[in-house]
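*Asks:* Here's a structure for you.
Any read-out appearing in this document is the output of simple, stated calculations on the displayed coordinates, not a laboratory observation. It should be emphasised that the depicted structure is a prediction, and the values quoted were computed from it without experimental measurement. FYI the Cβ positions are ideal-geometry reconstructions off the backbone, even for glycines, and counts take in every protein chain you see.
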Amino acid sequence: MIHLYNIGLDFLAQWRAFRFSTILLMISSAVCTLDLAFAAQPTCSGAMISRSTDYSYFIGSAGFADDSGEAESGSLFCWLTNGVQLAVGPVAEDLLLHFDGNANGVNGETPTLSKNLFYATGKWGSCLALPNNGQLQFSKTNNLHLDRGTIEMWVALRTDATNLIYSTQDHVLFQYRSPNGDFMQIGQSGTSQILYAGGNINGQWESAYGPLGSMSGWQAGDWHHLAFTYSSTLNIMSFYVDGVLTAANNEGHYFAPDAGGSGFAIGADVYGNEADYFIDEMRISGRMADTVEIAHARRTDAPQPNEVWLADRVHFSGPVHELVLGHG
């Protein structure tokens, strides 16, 4: 039997904003699924709050872990200031992979297929560098929403873009495929050398593909941020390179692929054809980030687990303000 369990107050972190305003981050509780007979109490760690580099966002984060490795999937957040609720909702992060010497998610997620993995120097720490016959795949359950979400990662070429390997073959960085033939992916076309997001749903191609996504001038080892956002409710899919929107809705729609697939591949397609790219700091979220947030994702520090972003629409100066991020 699965019940909900609340963890009590675990962490309190304080951050000093400019102009002497004090902002507090409090992790009050996390709602987790527990098997009453066997599961241990979930844990919470690393609660913190920070600001984006231009001070336009507050960023709260905390790590969660339980026996299932999916504690965050049942958690909620709530931002408060002066006791007034500003925003509330589910913790939407599905998977965050640092690739610092292993392929486990920060919340304890483990791959369903991990074969011949190799790591190299990354954007921060180490990164994934799949060799020939390397494969990395994760379960779709609690790690990928097909109807809405954001998939982002940092990537770098292993050699300069002038190398024929980037113009004579396609490179798939992420791929989900259903047994009925539906698929969605982030890839680089060998013909055009354009990075894009695209897929085939019920025989219909859909994509966010445009010339601003070209990598033809990239140099080996230079890191770039990619992001794919999508929503079947809003009927839109968009692709960003280094915070810039490169294309959206080439065919005028986003249809979610069939949900029959069990998992997805990273650094290669599901058949093991690897991309000649380094991949670091990959995050999959169950919500569609907006253009402003994507622009700020080009950051100087590594992403933190279970981030919740709050736009600073209030001028925090004068009296003391309290900002609370709670899970429960």
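*Asks:* Which chymotrypsin sites (Phe, Trp or Tyr not before Pro) does segment 253-286 hold that lie in a coil by DSSP with at most 15 other beta carbons within 10 Å?
*Replies:* On the way: sites: 254, 255, 264, 271, 277, 278; in loops: 254, 255, 271.
In loop regions of segment 253-286 (DSSP not H, G, I, E or B), the sparsely surrounded chymotrypsin sites (Phe, Trp or Tyr not before Pro) are 271.
*Asks:* Give me the net charge for the shell around residue 235: Cβ to Cβ below 12 angstrom, other residues only, Lys and Arg +1, Asp and Glu -1. Intermediate values should be presented prior to the final figure.
*Replies:* Working: positive: 148; negative: 147, 206, 251.
Overall, the nearby charge balance is -2.
*Asks:* State, to one decimal in nm, how far the label point of residue 192 lies from the label point of residue 87, with both points 7 Å from Cα in the Cβ direction.
*Replies:* The modelled label-to-label distance comes out at 3.3 nm.
*Asks:* Go through segment 261-269 residue by residue and turn each phi into a ³J(HN,Hα) via Karplus (6.51, -1.76, 1.60, θ = phi - 60°); whole Hz please, and just put x for glycine and proline.
*Replies:* Whole-Hz 3J(HN,Hα) from phi for segment 261-269: x, 8, x, 9, 10, 10, x, 6, 7.
*Asks:* What are the ³J(HN,Hα) couplings of segment 205-211, residue after residue, when phi is run through the Karplus curve with 6.51, -1.76, 1.60 and θ = phi - 60°? Round to Hz, x for glycine and proline.
*Replies:* Each residue's phi maps through the Karplus curve to give 6, 9, 7, 10, 9, x, x Hz.
*Asks:* Sort 269, 100, 160, 94 so the one with the fewest other Cβ atoms within 10 Å of its own Cβ comes first.
*Replies:* 160, 100, 269, 94
*Asks:* Would you work out the charge dipole size for segment 244-300 about its Cα centre, treating the Cβ of every Lys and Arg as +1 and the Cβ of every Asp and Glu as -1, and quote it to the nearest 20 debye?
*Replies:* It comes to approximately 280 debye.
*Asks:* Same structure, new question: Apply 1/(1 + (r/R0)^6) to the Cβ-Cβ distance of residue 250 and residue 167, taking R0 = 35 Å, and write down the FRET efficiency to the nearest 0.05.
*Replies:* After rounding to 0.05, the efficiency reads 0.95.
*Asks:* Sticking with this one: Given charges of +1 on the Cβ of Lys and Arg and -1 on the Cβ of Asp and Glu, with all other atoms neutral, how large is the dipole of segment 93-296 about its Cα centre, in debye to the nearest 20?
*Replies:* Numbers: 8 positive and 21 negative charges, 46 e Å.
Using only the charged Cβ atoms, the result is roughly 220 debye.
*Asks:* I've got another one for you. Using a cut-off of 14 Å between beta-carbons, work out the net charge of the residues near residue 248 (Lys and Arg +1, Asp and Glu -1, residue 248 not included).
*Replies:* Around residue 248, the charge tally is -3.
*Asks:* When Lys and Arg each count +1 and Asp and Glu each count -1, what net charge do the other residues less than 13 Å away from residue 176, Cβ to Cβ, add up to?
*Replies:* -3
*Asks:* Also, I was wondering about something else. Rounded to whole Å and sorted largest first, what semi-axes of the equivalent ellipsoid does the C-alpha gyration tensor of segment 93-296 yield via the square root of 5 times each eigenvalue? Write out the running numbers ahead of the final one.
*Replies:* Working: eigenvalues 100, 81, 55 Å².
The equivalent ellipsoid of segment 93-296 has semi-axes of 22, 20, 17 Å.
*Asks:* Amide H of residue 57: which non-local residues (sequence gap of 5 or more, or other chain) have their own amide H closer than 5 Å, using H built in the peptide plane?
*Replies:* Residues meeting the amide H criterion: 52, 312.
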